[in-house]
Every structure is written in C-alpha cells, then in structure tokens.
Amino acid sequence: MNQRIIYPNDEGWLSVITPAPECGLSIEEIARKDVPAGKPYHIINSDQLPTDDMFFNAWEAGFSNPSGHGIGHDAWFAEQAAKKQEEQA
Amino acid sequence: MAITINGTTGIAGVDGSAGTPAIQGSDSNTGIFFPAADTIAFAEGGVEAMRIDSSGNVGIGTTSPANNSITNFRASGYTEIRTASGANSTSIGQDATAGYVGTNTNLPLISVVNGTERMRIDSSGNVGIGTSSPTSPLAVKTDTDFIVATRTTAAGTGARIVGLNAAQNAYKDLVVDGATVQFATSGTERARIDSSGNLLFNSGYGSVATAYGCRAWVNFNGTTASPSTIRGSGNVTSVTKNSTGNYTVNFTTAMPDANYSISSVAEGGGSVGNPPYQCGNYPITSASNVRLTFLTYNAGSFVDPTYCCAQIFR
C-alpha cells in the first residue's frame with residue numbers, strides 16, 4: 001500500500017499510519033479502526049508526505065474536510081464481534 | 001426295470017428322470033431322480049430344480065454346479081454360496097481362516113439398508129460411504145456435502161486425510177474434533193491441543209509441553225521519508241508514527257488482555273558499528289495496541305530507526 005492515513009494526535013502533532021499490506025483490511029477499514037474515536041483523518045498517497053522527516057513533529061495538516069473520522073479500536077472490535085454473531089445466528 | 005425292496009437296499013432299481021422321477025408323491029412329475037452316477041436330482045413339474053453332483057456340489061437351477069454352483073463344497077474346505085450361475089455372481093464363502101462376501105467379476109459390492117445404498121466397494125477397491133463414486137481408498141460423504149477421503153497416493157507419498165467438496169475436485173475445510181487432539185509420529189505423541197485450546201509440543205522437552213505463541217509481530221521502517229514501510233507483519237493492521245521515535249503497533253485481533261510481553265529491537269542501518277538503539281515500551285495498558293519508543297544509545301534522544309522489529313507473546 002502506498003497510501004497513508006494522517007490524523008491530529010492529542011499531543012498536537014500529526015500521526016502517520018502506515019497500513020500493513022498483509023492484514024486483509026482495506027485502507028478505509030484500517031482508518032476507521034486505528035484512528036482514535038472521533039479524530040478526523042485523511043487518506044493520502046505516501047508521496048504527499050514531506051521527504052525529510054527531520055522536523056516530523058512540526059508537520060501540520062488541515063482537517064476541515066476530512067476523509068472520515070475514526071471509531072477507535074474498542075468500537076471496531078465490538079462491531080466485528082456483532083457481525084460475527086450475526087453470521088453465526 | 002423291476003423295483004427291488006429288501007432289508008439291505010431299501011427301494012432300488014429305478015433312476016427316473018425330471019419328467020418321471022423315480023420317487024414320486026401323488027404328483028407324477030415332481031420328485032427325486034438319479035440322472036447320473038453318484039448324483040441326486042430334484043424335479044418340480046417335470047423340470048429339474050436342484051441337484052447334488054458326484055462331488056457334493058449343490059446346484060439350484062443348474063445341471064453343472066461344479067463351477068457355477070449355488071452352493072459349492074470344495075475339497076479345500078472352502079464353502080461358497082453363489083447367487084447366480086452366470087459370470088456376474090456374488091458369493092458368500094468361508095474357509096478355515098475367514099469368511100468372505102464379494103462379487104466374482106469387476107462389479108461393485110454394494111450394501112443396502114432399507115432399499116437405499118449406504119456403502120460400496122468399487123472395482124478398484126475404493127470404499128464409498130454415502131457416495132456411489134469413491135475416488136479414494138476411503139471416501140465418506142456427509143450430509144453437508146463434505147467428503148473425507150484417505151489417499152495413499154496424491155501429491156507426495158503417504159496416507160492422508162483430506163476434506164473435499166461433493167464433486168471431489170476441490171478442497172474444503174477439514175475439522176478434527178475431540179476432547180483433545182493429539183499428533184504422533186512413529187507411535188509417539190509429539191504434539192497436542194488440549195481441552196483448553198493450549199498447544200503443546202515436544203521440542204527438546206522429551207515430552208509434550210505447553211508452547212506459547214507469538215500473538216503478533218512486525219518489521220517496519222520507522223522513517224517516514226523513506227517512506228515508512230511495513231516489511232512484514234502478523235496480526236498487525238498498521239503502525240502509527242506518533243512523533244519522532246514514537247510508534248503505535250495496532251493489532252488486527254486484540255490480545256486477550258494487556259498482560260502480554262513484548263520484545264523489540266531496532267537499528268539505524270547504514271553505518272556498520274553503530275550501537276543499537278534503546279527500545280522502550282510505554283506501560284502496556286491496551287489489549288488493542290502497544291507503544292514503542294526508540295532512543296539513541298548514548299545521547300538518549302528519540303530517533304527513527306530504519307529497522308524496527310517487535311514481537312508480542314501471550
């Protein structure tokens with residue numbers, strides 16, 4: 001995957017999520033799951049990131065029109081458990 | 001020919017025929033006659049119905065029971081009952097060592113219960129249960145269209161148990177279920193899944209002992225400029241770079257709790273002789289993800305390693 005997910009973290013910096021190519025989830029699913037609940041995120045191509053990460057902690061991005069909002073791990077796992085129950089019913 | 005009756009031979013002197021048996025009741029064409037030397041035959045309505053020949057073979061519906069007998073008492077001690085005198089016959093037999101049921105040509109042997117075929121042995125010796133077309137030495141078709149077969153030859157050698165679809169042309173799930181499931185080689189247990197789902201195996205212990213699995217692992221590049229990549233992983237959906245030298249590894253399936261153990265190493269790559277980076281983990285508080293931090297060995301400042309590896313055990 002050459003796509004990345006970015007979101008503003010609680011420290012006021014930018015977090016960059018690199019998807020695991022073998023995980024079986026789509027980039028959208030990874031974003032919903034691994035972006036903390038309520039945080040806006042963008043899905044971008046990796047070449048949109050700065051090429052020098054020396055000042056990584058100073059990276060900024062606007063999130064006025066995000067790709068979506070994360071639901072976080074807990075909600076994701078609860079969602080998956082409910083789906084599994086439905087399938088087994 | 002006169003009939004002789006005396007105290008030594010009883011009734012003697014007439015051989016008779018199928019149409020006129022030598023011994024009759026009130027029906028003149030039904031009775032016992034003697035068609036050849038040492039042979040007894042039985043007639044019904046003027047037609048031979050059964051005979052015992054000079055070898056003791058009993059034939060029903062045949063005048064030459066020696067090779068196609070319904071009942072054949074052979075000199076070797078083999079006793080056989082055949083269903084037909086023609087080529088396609090089925091026999092029930094017995095000798096001093098075993099009993100036998102089978103066909104005498106390449107017809108399949110089929111077991112029927114209440115009018116429905118339940119099992120067959122085909123001309124190749126394949127046994128099918130619930131299927132009339134076994135393609136393996138043993139093929140069992142279940143109600144859910146699964147077929148479990150054993151093969152002595154396939155891709156490779158040795159016996160095997162496989163799960164196949166109803167057409168026997170594609171693999172399906174194969175479930176081995178028991179209170180415990182044990183695996184052995186050469187008659188010795190080597191591994192076991194116990195009733196709690198723990199995997200035990202014999203690897204240097206001398207007997208099976210509990211093994212603890214790596215629940216998740218990841219090898220990634222911590223720099224974003226390269227750009228960052230995950231070279232390989234298991235049970236990991238992503239790695240989040242939170243700040244320089246600070247990462248979160250996100251699990252695909254959560255750990256059972258947050259009491260797992262993590263081992264991690266990191267290296268900057270490039271320059272030979274660089275000391276390894278210090279690897280730290282925030283106090284583990286989540287079953288869903290774990291934080292990793294990396295610092296330079298001497299200066300103690302956060303750094304993005306080129307090679308970051310982490311393994312989680314529980």
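The values are calculated or read from the model by the stated rules, or taken from the named source; none is laboratory data. Owing to the predicted nature of the structure, the values given are computational and were not obtained by experimental measurement. Don't worry about glycine lacking a Cβ; one is built from the backbone with ideal geometry, like all the others, and counts go over all protein chains shown.
Observations, loosely collected:
- In the set (1) within 9 Å of chain A (Cβ to nearest Cβ); (2) modelled with pLDDT under 85, the condition left unmet by residue B:244 is number (2).
- The residue that is modelled with the highest pLDDT, among those in the range B:37-69 that are among the small types (Gly, Ala, Ser), assigned to a loop (DSSP other than H, G, I, E, B) and closer than 26 Å to residue B:104 by Cβ, is B:54.
- Among the residues of the range A:3-33, those that are more than 9 Å from every other protein chain (Cβ to nearest Cβ) and among the β-branched types (Val, Ile, Thr) comprise A:6, A:27.
- Checking residue A:60 against (1) within 10 Å of chain B (Cβ to nearest Cβ); (2) modelled with pLDDT under 90, the condition it does not meet: (1)
- Residue count for the range A:41-57 under the criterion of being aliphatic (A, V, I, L, M) and within 10 Å of chain B (Cβ to nearest Cβ): the result is 2.
So that you can scan it fast, the table gives a plain yes or no per residue for (1) within 14 Å of chain A (Cβ to nearest Cβ); (2) at pLDDT 85 or above; (3) surrounded by fewer than 11 Cβ atoms within 10 Å (Cβ to Cβ); (4) closer than 18 Å to residue B:248 by Cα:
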| site | (1), (2), (3), (4) |
| --- | --- |
| B:188 | no, yes, yes, no |
| B:191 | no, yes, no, no |
| B:195 | no, yes, yes, no |
| B:199 | no, yes, no, no |
| B:208 | no, no, no, no |
| B:211 | no, no, no, no |
| B:216 | yes, yes, no, yes |
| B:220 | yes, yes, no, yes |
| B:226 | yes, no, no, no |
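- Among the residues of the range A:63-86, those identified as more than 21 Å from residue A:11 (Cβ to Cβ) and away from chain B (no Cβ under 13 Å) are A:65, A:67, A:68, A:82, A:83, A:85, A:86.
- Total residues in the range B:175-212 satisfying the condition of being in contact with a strand residue (DSSP E or B) (Cβ under 7 Å, 6 or more places away or on another chain) and acidic (Asp, Glu): the figure is 2.
- The residues in the range A:40-83 that are exposed (fewer than 14 other Cβ atoms within 10 Å of the Cβ), in a loop (DSSP other than H, G, I, E, B) and without any contact (Cβ under 8 Å) to a residue 40 or more places away in the chain can be counted, and the count is 8.
- Selection status of residue B:233, at pLDDT below 80, at the interface with chain A (Cβ under 9 Å from one of its Cβ atoms) and closer than 23 Å to residue A:23 by Cβ: no
- In the range B:79-99 there is at least one residue that is among the hydrophobic types (A, V, I, L, M, F, W, C), at pLDDT 85 or above and loosely packed, with under 11 Cβ neighbours inside 10 Å.
- Residue A:23 passes every criterion in (1) surrounded by fewer than 17 Cβ atoms within 10 Å (Cβ to Cβ); (2) modelled with pLDDT under 95; (3) under 18 Å from residue A:81 (Cα atoms) apart from (1).
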